[in-house]
Every structure is written in structure tokens, then in C-alpha cells.
Amino acid sequence: MPEDHAEFPEVLMRAVTSATNGIIITSSQGDRPILYCNPAFEQMTGYSPSEVLGRNCRFLQGTDTDPETRARLRQALNAGEGIDVVILNYRQDGTSFWNALNLAPVHDEQGHLTHFVGIQTDVTQRVQLQRTLEKQLHTDDLTGLRNRAYFMQALQVAVRGLESGRLFAVGFADLDGFKAVNDAFGHEAGDALLREVSVRLRQCLRPEDIVARLAGDEFVILVRAMTDCALDALAQQLLKALERPVQLQGVPVRVQVSLGFVLPSAGMDAKEVLAAADRAMYDAKHAGKHTFIIRDCR
């Protein structure tokens with residue numbers, strides 16, 4: 001054998017040891033125990049080889065690790081296939097990190113599966129940056145609520161669920177006399193009022209519901225699994241919450257709002273649902289303001 005080929009296993013081992021990515025090799029048998037981990041893996045996870053060897057890689061997972069990602073990994077392992085995932089793992093000290101894992105099967109000369117090799121990269125900063133950008137993309141800068149783009153995406157998902165019986169309601173809220181507030185106190189005070197209204201709207205809703213600011217003094221609400229009676233009670237709660245005066249430049253200002261709710265029917269699309277809620281809101285304004293109207297389109 002040529003000298004360069006004879007030295008290759010030693011070169012390969014030095015390369016794996018020097019790699020900046022975490023590398024592990026596991027058996028394909030039994031519980032697929034770890035047989036090798038390189039120094040980069042030790043540095044990434046905080047575990048020493050004595051704490052790792054002989055264990056299944058799942059010890060890196062935790063309560064917040066996505067079950068769907070776990071299932072995809074398990075399916076690939078059982079099928080002897082490779083897979084790429086980004087999974088939430090935990091270091092030895094309990095801190096979490098996002099791991100871009102490339103898992104590949106290893107076969108012997110007869111084509112039999114013998115091992116798996118995993119290449120791990122800490123992509124925590126990338127994931128956090130991506131989530132920050134996504135949040136900014138879907139968040140209203142002034143109020144911190146969801147914005148129109150996010151709301152319409154959520155509404156489209158909810159509309160598709162109507163076919164399988166997953167009911168919801170959409171509310172459209174418009175402040176009465178907001179222009180007068182801006183004229184009397186200035187736009188900074190108007191912005192403060194919008195932020196306070198946002199807080200009160202959120203306080204009336206459940207965590208699974210969505211409230212968003214469309215534009216100006218217009219807000220929309222997506223309420224999941226809402227019955228007629230519960231929707232009536234929610235509308236009254238919203239009106240009562242917004243009745244409390246807001247202090248603007250030392251002056252108590254009473255907020256009034258017109259609310260329109262719609263219970264959509266299967267076959268309506270997102271734009272039609274929002275338009276129906278908008279019409280109900282304008283009907284509430286014409287009925288005397290600071291009131292609500294519920295339209296059942298089912």
C-alpha cells in the first residue's frame with residue numbers, strides 16, 4: 001500500500017479530532033450507544049467522554065425539545081436513513097442551545113448498517129436572530145401587538161379549520177373619537193392611548209386568542225372555540241375594560257369603541273371574514289357607538 005494511503009487512518013483521526021464541529025459515532029445496534037465523541041462535541045455540550053460514551057444521544061434533549069423533531073429523528077434512525085434537523089439540546093450545565101444535526105448511516109463492505117455518524121453545529125445565534133427578525137416582521141412597532149400580516153396568516157389557518165368544525169370568531173374594533181384626542185392632546189398622547197388600549201384588549205383575551213393592530217386606531221381579534229353566549233360576554237367585557245378613563249397629560253380621557261364580531265361559515269375566505277367583521281363594526285357605530293354587534297354567518 002502506498003505510504004500516503006497507509007497513513008490515512010491516522011490523518012483521518014487527527015482531522016476528526018481537530019474539527020470545529022461536534023462529531024459523534026454511534027452503534028446502529030440496540031439503543032444506539034455513543035462510541036466516540038470528538039473534543040468539539042465536549043466543548044459544545046460540556047460533557048466529558050466518560051459521561052457520554054455508552055449513552056444514547058437523547059440525553060441531550062429536554063422538556064422543550066420539539067416532539068415532532070424527535071419523532072423525525074427516531075423515524076430516520078429506525079429506517080437506517082440520514083437526516084438533517086435543527087433541534088433544541090441541553091448542555092451539561094442545563095443551558096440550552098440549537099443544534100444543526102446532520103445524521104448519516106455508515107455501512108460495511110457488504111452494505112450492512114453498522115453505525116451512525118452525527119455532525120453537530122451550534123446555530124443558537126442564527127436561530128435567535130431569525131426569531132427576532134420574524135417577531136419584528138409580525139409585530140406592530142407602536143403597541144407590541146401582532147400586525148396585519150401576522151393576523152391574516154392566522155386567520156387563513158383558522159378559515160381552513162372551519163371545514164373540520166373548528167369554530168372561531170373575529171372581532172373588529174375601532175376607537176370612537178380618536179381624531180379628537182389627537183387634535184386636543186397631540187400625537188404622542190394619541191400613541192400612549194393606543195398602547196393602553198392594546199394592554200386592555202390583551203388582558204381580556206386568553207393566551208390562545210390573537211389581538212392585532214391593523215392601522216391607526218383599528219384593532220382586530222381572533223377568538224378560538226367561541227360560543228355565541230361566550231362571545232356576547234367577551235364583547236361586554238371589552239367595552240367595560242375600555243370604559244375606564246386613561247390619563248393623558250393629567251386629564252382623564254374616557255375611551256369609547258365600536259365592536260363588530262362575526263361567526264364565519266365554512267366556505268368564507270379570510271378577506272371575506274374580515275370584511276364581515278368590519279361591516280358589523282360600522283353597524284355598531286351607526287347604532288350609537290361604544291356598543292357591539294355580532295353577526296352569525298353560519
**Report entry** Gain upon complete extension [residue 244, residue 232; 0.36 nm per residue less C-alpha separation]
**Finding:** 2.4 nm
Query - Using θ = phi - 60° and Karplus 6.51 cos²θ - 1.76 cosθ + 1.60, couplings along region 257-263 (whole Hz; Gly, Pro as x) - result: 9, 9, 10, x, 10, 9, 9
Report task. Evaluate the chain: find the radius of gyration of its Cα atoms, find its Kirkwood radius, and give the ratio Rg to Rh. Result -> 1.20
Query raised in the report: Relative contact order, percent, of the chain when contacts are C-alpha pairs under 8 Å separated by at least 6 residues?
Result: 13 percent
Query raised in the report: With all protein chains present, how much of the accessible area of region 34-162 (probe radius 1.4 Å) comes from carbon and sulfur, to the nearest whole percent?
Result: 49 percent
Query - Heavy atoms of residue 121 accessible to a 1.4 Å probe, total area in Å² rounded to 10 - result: 50 Å²
Report task. Calculate the dipole size of region 178-298 relative to its Cα centre from +1 charges on Lys and Arg beta carbons and -1 charges on Asp and Glu beta carbons; express the result in debye to the nearest 20. Result -> 200 debye
Query - Accessible area of region 27-127 divided out per residue, in Å², using a probe of 1.4 angstrom - result: 55 Å²
Query raised in the report: With the calculation restricted to Cα positions, what are the radius of gyration and Dmax of region 150-189 in angstrom?
Result: 17.3, 50
Requested in this report: Give the long-range amide H neighbours of residue 294: residues separated by 5 or more places, or on another chain, with amide H under 5 Å away, using H modelled in the peptide plane at 1.01 Å from N.
Outcome: 261
Query raised in the report: Hey, rough spin-label estimate for residue 29 and residue 297, points 7 angstrom out along Cα→Cβ, what's it come to in nanometres?
Result: 6.3 nm
Report task. Please give the calculated 222 nm ellipticity per residue for the chain, where each DSSP H segment of at least 4 residues contributes -39500 (n - 2.57) and the sum is spread over every residue; nearest 500 deg cm²/dmol? Result -> -13000 deg cm²/dmol
**Report entry** C-alpha long axis of helix 148-161 to longest principal axis of the chain, angle in °
**Finding:** 80 degrees
Report summary line: So the FRET efficiency between residue 180 and residue 131, C-beta based with R0 = 41 Å and rounded to 0.05, is 0.55
**Report entry** GNM flexibility winner over the chain from 229, 57, 204 (Cα, springs under 10 Å)
**Finding:** 229
Query raised in the report: Which percent of the accessible heavy-atom area of region 222-271 goes to carbon and sulfur, probe 1.4 angstrom?
Result: 55 percent
Report summary line: In Å, the Kirkwood estimate of hydrodynamic radius for region 176-298 over Cα pairs equals 15.2 Å
Report summary line: Under a Gaussian network model of the chain whose springs join Cα atoms within less than 10 Å, the largest fluctuation of 132, 63, 20 belongs to 63
Requested in this report: Can you tell me the dipole magnitude for the chain around its Cα centre, using point charges on the Cβ only (Lys, Arg +1; Asp, Glu -1), in Debye to the nearest 20?
Outcome: 1240 debye
Query raised in the report: Mind checking the angle between helix 124-137 and the chain's longest principal axis? C-alpha axes, 0 to 90 degrees, to the nearest 10.
Result: 20 degrees
Query raised in the report: Between residue 74 and residue 289, what is the spin-label point distance in nm, taking each point 7 Å from the Cα along the Cα→C-beta axis?
Result: 5.9 nm
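The values are calculated or read from the model by the stated rules, or taken from the named source; none is laboratory data. Here the structure is a predicted model, which is why all the values come from computation and not from measurement. Note: ideal-geometry Cβ built from the backbone for every residue, glycine included; neighbour counts use all protein chains shown. Protein only, heavy atoms only, side chains kept; ligands, DNA and RNA dropped before computing areas. Shrake-Rupley method; radii C 1.70, N 1.55, O 1.52, S 1.80 Å.
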